[in-house]
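What follows draws every value from the coordinates through simple rules; no lab data is involved. Here the structure is a predicted model, which is why all the values come from computation and not from measurement. So basically every Cβ, Gly included, is an ideal-geometry build from the backbone, and we count neighbours across all protein chains shown.
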Amino acid sequence: MRQRIIFGLVSVWTAYFSMPTLAYACSVCWAGDTGPTADAFNWSVIFLMAAPYTVVGSIAGWLFYTHRRSAAKHEKKEKNETAKGLVHLTWNPKESGR
Amino acid sequence: MVKSSTARRLDEPLVGVEHKQPVFGGGEPPAPPVRPNAPVGSNAALAVAMFLGAEAMFFAGLIGAYIVFRVAAPIWPPPFQPRLPIGVTGVNTLILLASAVTMRWSLRAVRANDRKQLIRLLATTAALGGIFLAIQGFEWIRLIHFGLTVSSSVYGGLFYTLIGFHGLHVLGALIWLLTVFVLTQQGRFSKERHVGLQTCCMYWTFVVGLWPVLYGLIYLY
């Protein structure tokens, strides 16, 4: 068993040093820290980072706007009905005898 | 010394229970008036909004890829590649924006129960969308003739991918719009029930709203 472990470790060690090219930790590390390619990746990342927030924010904003519009329409309808003399029947403390 | 106590024996009867019993004519008040809990929008509209969110993310991915190639390129467009027709496409942009306006007006028409105006506006929108697609197709044929193909360069590949997908979306929106147009002629939509038209309007607005972004990014930047 011990021989097998040593053999495995030596194999990995040999394979690591015999690799023809360097392996990068990420797919875009080859672009470096500066330069046009790095700038391009940075701008793209910023854009894609902002995209979900924009999308979700837009949908939430649309829902909020629709809700506000619906509530305003309902209030207007109620006011019109009251002005026309259409009062909704409801409990009134004076009329209930209390 | 404690004058009165709130404590009571367990076997002691509750004070004033008889007064709390509902009595005919002046008993317990009914529940206070509650504002009707009507939904602010239809489920279909919400589903289309979610779908448009997914569509927006799809285009965001494509635009992200475009930004990588565009910003990294020292010369853009690459040498020996044809220039894109900015003027004609600018006019085409105005046509598409006009179609969004007529589409919004059609929604207003259905809410006003004006069926004739609705049919007229939907036909105008469909015609404007058709003109947009026809001009785009004509420009594509010219560009292919000048040597800009999908495989000619990254420039060509990105152009046809982004603009092509948008064109497909316009085509899909146009098919949807024509379906809505036929349904309108059959009298399926009214002031109270027009969710099919509303969702179509949402999709059309999205497709139109996306185009100026693509035009600015690909044609002008």
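Numbers below:
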read-out: Label-point separation, A:Thr14 to A:Glu81 (7 Å along Cα→Cβ), nm; value: 8.8 nm
read-out: Two-site label geometry, A:Arg2 and B:Leu133: point separation in nm, points 7 Å out along Cα→Cβ; value: 7.7 nm
read-out: 3J(HN,Hα) from dihedral phi, region A:44-55, Karplus parametrisation 6.51/-1.76/1.60, rounded to Hz, x for glycine, proline; value: 5, 5, 4, 4, 5, 5, 7, 4, x, 5, 5, 5
read-out: Label point distance in nm, B:Arg108-B:Leu183, each placed 7 Å from Cα along Cα→Cβ; value: 2.3 nm
read-out: Hz values of 3J(HN,Hα) by residue in region B:115-130 - Karplus curve (6.51, -1.76, 1.60), Gly and Pro given as x; value: 5, 4, 5, 4, 4, 4, 5, 5, 5, 4, 4, 4, 5, 5, x, x
read-out: Sites B:Phe80 and B:Trp176, calculated FRET efficiency, Cβ-Cβ separation with R0 30 Å, nearest 0.05; value: 0.15
read-out: Pairs beyond 21 Å (Cα-Cα), from A:Lys77/B:Lys191; B:Lys116/B:Lys191; A:Lys84/B:Lys191; A:Lys73/B:Lys191; value: A:Lys84/B:Lys191
